[in-house]
1. Within segment 12-51, track down each residue that is under 18 Å from the mean Cα position of the chain (by Cα) and basic (Lys, Arg).
2. Quick one: would you say Asp63 is within 21 Å of Arg118 (Cβ to Cβ) and acidic (Asp, Glu)?
3. Within segment 69-84, take every residue that is surrounded by 13 or more Cβ atoms within 10 Å (Cβ to Cβ) and free of Cβ contacts under 8 Å to residues at least 40 places away in the same chain and give me the one that is nearest to the chain's Cα centre (by Cα).
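What follows is calculated from the coordinates using simple rules that are stated; it is not laboratory data. Not measured: the values here are computed from a predicted model. Here Cβ is always computed from backbone atoms with ideal geometry, including for glycine, and neighbour counts include all displayed protein chains.
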Amino acid sequence: MTAPRRIQRRRTKGWRLPDNAVIVSRPSRFGNPFTLATAYELGYAQHGDAETARRAAVGAFTDWLGGNRFMWQSAEGDASRERILADLHLLRGKDLACTCPLPEPGQPDHCHGAVLLRLANPAA
């Protein structure tokens, strides 16, 4: 059996979600609430530098799931985080699909889907 992986979700004609895959892009229950637009707005990245903005959004997501409330200080944010953490078992062993570009071989994956993969499959 192969280890779960992240796949890039496509919106092109004919593309189908592979078997054993779950969509985790923004509108899904597992979506990252931290956007590239917010990273630009808060000065974490210069406009047009999507890679730096993506790293900032994924970093905020990782910290937030770990309990850091700095970027989202509300009961709604706490409830959203707890729901994602409680539902990680639904992702265990599944490939995760997000619209973020896939990294080049050997490069780090700056996508919240990669974070969810690590959390849902700690031994993988």
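1. Arg26, Arg29
2. Values: within 21 Å of Arg118 (Cβ to Cβ): yes; acidic (Asp, Glu): yes.
The answer is yes for Asp63.
3. Of the residues in segment 69-84, the ones surrounded by 13 or more Cβ atoms within 10 Å (Cβ to Cβ) are 71-72, 77-78, 80-81, 84.
Then drop every residue that is not free of Cβ contacts under 8 Å to residues at least 40 places away in the same chain, which leaves 71-72, 78, 81.
Working: Met71: 16, Trp72: 16, Asp78: 17, Arg81: 13 Å.
Ranking the candidates gives Arg81 first.
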